1. Pull out the extension gain between Thr31 and Ser53, defined as 0.36 nm times the separation in residues minus the alpha carbon to alpha carbon distance; nm, one decimal.
2. Net charge within 9 Å of Ser44 by Cβ-Cβ distance, Lys/Arg positive one each and Asp/Glu negative one each, not counting Ser44 itself?
3. Calculate log10 I(q)/I(0) of the chain for q = 0.21, 0.22 Å⁻¹, where I(q) comes from the Debye formula with a single equal point scatterer on each Cα and nothing for solvent.
4. With the crude spin-label approximation of a point 7 Å out along Cα→Cβ, what separation in nm comes out for Lys22 versus Thr68?
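Here, each number is a calculation from the coordinates, and none is a lab measurement. All values derive from a computational prediction rather than experimental measurement. Here the Cβ positions follow ideal geometry from the backbone for every residue, glycine too, while neighbour counts run over all protein chains shown.
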Amino acid sequence: MKIGIIGAGNVSRTLGRILTQKGHSIVFGVTNPQSAKRQSAVASTKGNARAASVGEAASHSQFLILATP
């Protein structure tokens with residue numbers, strides 16, 4: 001399943017890691033996809049996810065998770 005996760009904090013990273021292990025395609029929707037924090041979220045999935053704009057994550061997804069403070 002294609003899943004977008006809005007946010008790249010602790011909850012988002014954990015969800016992304018678990019969901020990619022289950023074989024889902026993950027896009028983290030963030031304001032600055034190139035920042036170190038966002039790339040850390042991608043790295044936590046062993047490269048099985050990517051960071052993109054919020055709009056791109058939403059358009060990519062069949063299911064969208066809002067994981068922001």
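1. That works out to 7.3 nm of additional length.
2. My count for the surroundings of Ser44 gives +3.
3. -0.70, -0.77
4. Computed distance between label sites Lys22 and Thr68 equals 2.4 nm.
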